[in-house]
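These notes concern the structure reproduced below.
The values are calculated or read from the model by the stated rules, or taken from the named source; none is laboratory data. What you see is a predicted model, and the numbers here were worked out from it, not measured in a lab. So basically every Cβ, Gly included, is an ideal-geometry build from the backbone, and we count neighbours across all protein chains shown. Surface areas here come from the heavy atoms of the whole protein model, side chains and all, with no ligands, DNA or RNA. Shrake-Rupley method; radii C 1.70, N 1.55, O 1.52, S 1.80 Å.
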Amino acid sequence: MSVDPMTYEAQFFGFTPQTCMLRIYIAFQDYLFEVMQAVEQVILKKLDDIPGCEISPVQIRKCTEKFLGFMKGRFDNLFGKMEQLFLQLILRIPPNILLPEDKPQEMHPCTEEEFHLLQKEVEQLQEKYKTELCTKQALLAELEEQKIVQAKLKQTLALFDELENAGRDHGTSDFRESLVFLVQNSRKLQTIRDSVEREGKRMKIS
């Protein structure tokens, strides 16, 4: 078998020429083996019809195997020549032929240096895309945090509105005055609580 990978031919055919030749070789070998088995069965049948024949089936098998080896050697020799002919003249794409998908290379040729520059540019664009993708994910996360903060801010503003409305209900229209009023009441309640706690402790002691 040829050691040339013939990758361009594989691109066109969808399989390597060497694989094609190997399958042909195996098919011929199987066919030859089947033919020799059939010939052996015919010979054995003919010998059964001959009275007093001293040739045994073991001798027939040895002769069949010997003849099979001879045929295989001849076949390998012929197949080597056929393989060389197929790989050089039939299954090979001439060097001056381009496949349809490679036509753009003929219209827009580039040197090896230009190819490496293009490859480097593609890698830079891929890295830039990854960076922008990470940035987008970070911005989306920040946007979610802003939504949470905005919701809390709305709750705080709603609380202030409720406090202001409560102040109006108690005759205080200014929000600052309402806040002062609530703080004063809170302090009064705290004072009363402290007094009750002290009185409770005193009563327990007495």
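Listing for the model above:
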{"quantity": "Restricting the range 27-111 to GluC sites (Glu not before Pro) in coil, as DSSP defines it, with at most 10 other Cβ within 10 Å", "calculated": "Glu54"}
{"quantity": "Estimated inter-spin distance, Lys45 and Leu117, nm [label 7 Å along Cα→Cβ]", "calculated": "7.8 nm"}
{"quantity": "Accessible surface of Val122 - all protein chains present, 1.4 Å probe, nearest 10 Å²", "calculated": "80 Å²"}
{"quantity": "Estimated inter-spin distance, Leu22 and Val149, nm [label 7 Å along Cα→Cβ]", "calculated": "6.5 nm"}
{"quantity": "Entries in Lys46/Lys81; Lys45/Lys81; Lys46/Lys66 that, when Cα-Cα distance is taken, lie over 31 Å", "calculated": "Lys46/Lys81; Lys45/Lys81"}
{"quantity": "Tensor-based shape of the range 1-155 (alpha-carbon gyration tensor, a/c under 1.5 rounded, otherwise prolate or oblate)", "calculated": "oblate"}
{"quantity": "Filtered chymotrypsin sites (Phe, Trp or Tyr not before Pro), the range 19-127: DSSP coil and at most 16 other beta carbons within 10 Å", "calculated": "none"}
